[in-house]
Amino acid sequence: MILEGTVLRGRKFEPIEGRVIVEDGEIRDIEQHETYSEDVILPAFVNAHTHIGDSIAKEAGDGLSLEELVAPPDGLKHRLLAEAGREELVAAMERTLTFMQSAGTGAFVEFREGGVEGVRAIESALDGIDIESVLLGRETVEAMQAADGFGASGASDGNFSTERSATAEADKLFGIHAGEADSGDINAALDLQPDFLVHMVHPDPLHLERLADSQVPVVVCPRSSAVTDVGLPPLRELLHRTTVALGTDNVFLNSPSMFREMEFTAKLFDVSTVEVLQMATVNGAEIAGLDCGVVEPGRPSNLLVLDGDSDNLTGAQDPRRAAVRRAGVDDVRRVVTSSG
């Protein structure tokens, strides 16, 4: 397979005119040469934090607080998940996953409610959909063992030391929500030595120092934080101290579109275009232990091709800036995966 156009190469997304040669699911070479293609070739997105089970209740809970929406065990999402039948849940998640793939997401990290059965349900939804998943079970050690790791709700909801020890023993990924509504659970979350934190909207100076010392990565979900009215993360401060990735969070609150997340982030925060692209691709991949997120020889061919001559993108002077601040699902020409 040969893809031609402007290639956003490497961790800095350097735009070069040329072509990407793909063979057996791997980028074999990137050749710089003149081309007449207006396409823009970049890594497929890595959505570093999702709750895809929430697909059963999109736009539910208007006017509810964060606790009323998502706090276990009685928050709205947990009641709706408990009431949903398996067939309904799987079908809803399948529709969301199909949209995510069409919108350029090549991989995602899911906090999957419902114990072992919840993990099995999303595995069923993924059947036939060519998107890479990192599934983190919740609620029980057994769910972690059935999945790729454990996704904890937050240190205010429980101790999680048993789950953390079991996850470490299994050599799997452990992530935990922290600092979403306030700062009260951040120290306890950091004490667990997690592989990554989610949200970190309210870190105090001490927490930022601990982040810098520990280099624990953070996944931020700015649109979710805005819609739940908890505030916005101090993104510049976080970026100064550790690796930061982007996630779209709950599907019932936000469309799982990384285009929307990137645009929101780029226009609201003091961040560069390259930083946003890194947060949407390679940073999330590295947090999740995936070998994707950059366009370089030897890497898997998880690629996104944008139509640079679409009505929306034609005339854009900077392909990186256009990809982050302007592009959308309608501009996707092709999503290439390493499996075919």
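The values are calculated or read from the model by the stated rules, or taken from the named source; none is laboratory data. In this text, all values refer to a predicted model and were calculated from it rather than measured experimentally. Note that we place each Cβ from the backbone using ideal geometry, even for glycine, and neighbour counts take in every protein chain shown.
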- Task: Just give me the residues in segment 124-145 being assigned to a helix (DSSP H, G or I) and of a type in the set (D, E, K, R), in sequence order.
- Result: 142
- Query: Quick one: what pairs do we get from segment 81-104, first residue within 19 Å of residue 59 (Cα to Cα), second charged (D, E, K, R), C-beta under 9 Å, 6+ apart or different chains?
  - Reply: 81/54; 81/113; 92/54; 92/58; 94/127; 96/54; 96/58
- Query: Which one of these does residue 318 not meet: (1) surrounded by fewer than 20 Cβ atoms within 10 Å (Cβ to Cβ); (2) of a type outside the set (Ser, Thr, Tyr); (3) out of contact with any strand residue (DSSP E or B) (no Cβ under 9 Å at 6 or more places or on another chain); (4) outside the structural domain of residue 133 (by TED's automatic domain parsing)?
  - Reply: (3)
- Message: I'd like to know if segment 146-164 contains one or more residues that are surrounded by 22 or more Cβ atoms within 10 Å (Cβ to Cβ), assigned to a helix (DSSP H, G or I) and touching a Phe, Trp or Tyr at 6+ places or on another chain (Cβ under 9 Å).
- Response: yes
- Note on the structure: With criteria (1) within 28 Å of residue 191 (Cα to Cα); (2) in a strand (DSSP E or B); (3) out of contact with any helix residue (DSSP H, G or I) (no Cβ under 6 Å at 6 or more places or on another chain), residue 106 comes up short on (1)
- In segment 226-270, anything of a type outside the set (Ser, Thr, Tyr), under 17 Å from residue 327 (Cβ atoms) and either out of contact with any Cys (no Cβ under 9 Å at 6 or more places or on another chain) or surrounded by fewer than 20 Cβ atoms within 10 Å (Cβ to Cβ) (or both) is listed as 256, 258, 259, 260, 262, 263, 264, 266, 267
- Message: Can you tell me how many residues within segment 195-217 are hydrophobic (A, V, I, L, M, F, W, C) and either within 11 Å of residue 237 (Cα to Cα) or in a loop (DSSP other than H, G, I, E, B) (or both)?
- Response: 6
